[in-house]
Amino acid sequence: MSETIQATSNEPLPVWQRSAVPKGQSGLRALNERRILTLIRQHQQLPKAQIAKQTGLSAQAATVIINRLEHDGLLQRGEPHRGKRGQPSVPFSLRANGAFGLGIKIGRRSMQISLIDFLGNVRASLCEHWDFPAIEAMQRFTQKGLRAILSALDEEEVSRVSGVGVAMPFEIWRWSEQAGAPEDELTRWKEFDVLAAVQEFTELPVYLCNDDIAACAAELWFGQHRELSDYLYCFVGTFIGGGMVLNRKLHVGRSGNAGAVGSLPVLAGSGNAQLLDSASLHRLEKTLKQTGVDTAFLHGRHPIWPENLPEVADWLDVAAEGIVQAAISAHAFLDLDAVVIEGAVPDAVKQALLHKCEQLLAKADCRGLSPLRLLSGSVGADARALGCANLPLLAQYSL
């Protein structure tokens, strides 16, 4: 059983799905506690005076809440900073072991289960590859993986696991021909209740999010581009996808599908196509197979690609052209700070793609538009896995 949550302005995601949990067992912290935890997460550490000032709380109210969060093991105090006068300032930061999140990433070529701490550090991770998403394989791996990861924690750590986040393509049954998967097997996912299936293996609340939006959320919360307010996020995976950040908040739109960059139309030769047809790894894989190249390297956990493959160079050219078209279109409508490019590819390949995009953007006709930056994602190829493990932490401890 699941429910769709339409978030208020205080919730982290405008739309997500959550498993039904008994009343009073959601683990949601009080509003002002979440405000303070979110503020500290954004700044990494802050003293009480700054927290009171930025939240609008009185010094006494802020102190009471901070002391409670410290007592509950969610915050820790740092070394005092002594100024020129007055009492030394004591910064507070999130305590890594204060809370944990479990994440299950269901992809078109692999499945991954991860455990992260309150700071986003990956504490444990298991991965299994498949030729296409299979329901029975997902159920077996979920049961085995959750049991293995939780059994390695002590009693105190288990009590601090906030929930299970699940990230997957919301229409995983589509594009079966491009993915090279049996259509009848993928069609089964259309009526399959993923939340209910995962809930069978845990008493924790379960949250569901699109995999590329989860990756975008990981970049927003754990990435290095903290100066950005508005940006389009592109993740190059089996199918390219993405997300949207506006005013430093994840924006998923009315139906949860904003930032669906793979569906953007791009010019392709004499006609039109979608970006996923040109900038996705499935296109490169298909080309490599046609030339007899073993494509196993595309799906490794930490892939190392062979050098000097002409098919890779050609794919980079076509992918970059499509991404730049999409970037300019998004910028024209939203006046973005930047477009962030990430992917399930080695860093050298990501940098080569970024460089080609920058070259094309420099030559593009951008009259009437402000300058647009293209930036490399800072979280890395596991952004989707990190993002889904972060879902229960966002839902319970953040705004």
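Every read-out reported here was derived from the displayed coordinates using simple, explicitly stated rules and does not represent laboratory data. None of the values given here were measured: they were computed from a predicted structure. We place every Cβ from the backbone using ideal geometry, glycine too, and count neighbours over all the protein chains shown.
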Could you point to the label whose value was computed as Rg and Dmax of the Cα atoms in Å for the structure here, given (i) 21.9, 72; (ii) 24.1, 80; (iii) 21.6, 87?
-> (i)
May I ask you to evaluate 6.51 cos²θ - 1.76 cosθ + 1.60, the Karplus curve with θ = phi - 60°, for each residue of segment 344-356 and list the ³J(HN,Hα) values in order in whole Hz, giving x for glycine and proline?
-> 7, 9, x, 4, 5, 5, 4, 5, 5, 5, 4, 4, 5
The equivalent-ellipsoid semi-axes of segment 107-149, taken as the square roots of five times the Cα gyration tensor eigenvalues and listed largest first in whole Å, are 21, 12, 7
So for R0 = 45 Å, FRET eff. of K289-R367 from the Cβ-Cβ r, to 0.05, ends up at 0.60
Tell me, in nm to one decimal, what length is gained between S229 and S255 on full extension, where the rule is 0.36 nm per residue of separation less the Cα-Cα distance?
-> 7.1 nm
Take the Cβ-Cβ distance between E70 and Q143 as r, set R0 to 45 Å, and report the resulting FRET efficiency rounded to the nearest 0.05.
-> 0.80
DSSP-loop chymotrypsin sites (Phe, Trp or Tyr not before Pro) across segment 227-301, with at most 10 other Cβ within 10 angstrom | none
Eight or more residues apart or on different chains, and alpha-carbon atoms under 27 Å: count the Lys pairs in the chain matching that.
-> 18
Cα centroid distance between segment 247-286 and segment 345-362, in Å?
-> 17
When only DSSP loop residues count, what trypsin sites (Lys or Arg not before Pro) in segment 344-375 have their Cβ near at most 15 other Cβ atoms within 10 Å?
-> R367
Per-residue ellipticity at 222 nm for the chain, helices alone: DSSP H runs ≥ 4 residues times -39500 (n - 2.57), over residue total, nearest 500 deg cm²/dmol?
-> -11500 deg cm²/dmol
So, in nm, how far is label T63 from label R174 when the simple model puts each one 7 Å beyond its Cα toward the Cβ?
-> 5.5
Quick one: length gained pulling A30 to S89 fully straight, 0.36 nm per residue minus the C-alpha distance?
-> 18.7 nm
Please sort 336-348, 206-218, 36-48 by packing, taking for each peptide the average over its residues of neighbouring beta carbons within 10 angstrom, highest first.
-> 206-218, 336-348, 36-48
Between K105, K144, K249, find the one with the highest GNM mean-square fluctuation for the chain; connect C-alpha pairs within less than 10 Å.
-> K144
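Calculate, in whole percent, how much of the Cα-Cα pair population of segment 323-384 lies beyond 13 Å. Don't skip to the answer; put the middle values down first.
Numbers: 1139 of 1891 pairs.
Everything past 13 Å amounts to 60 percent.
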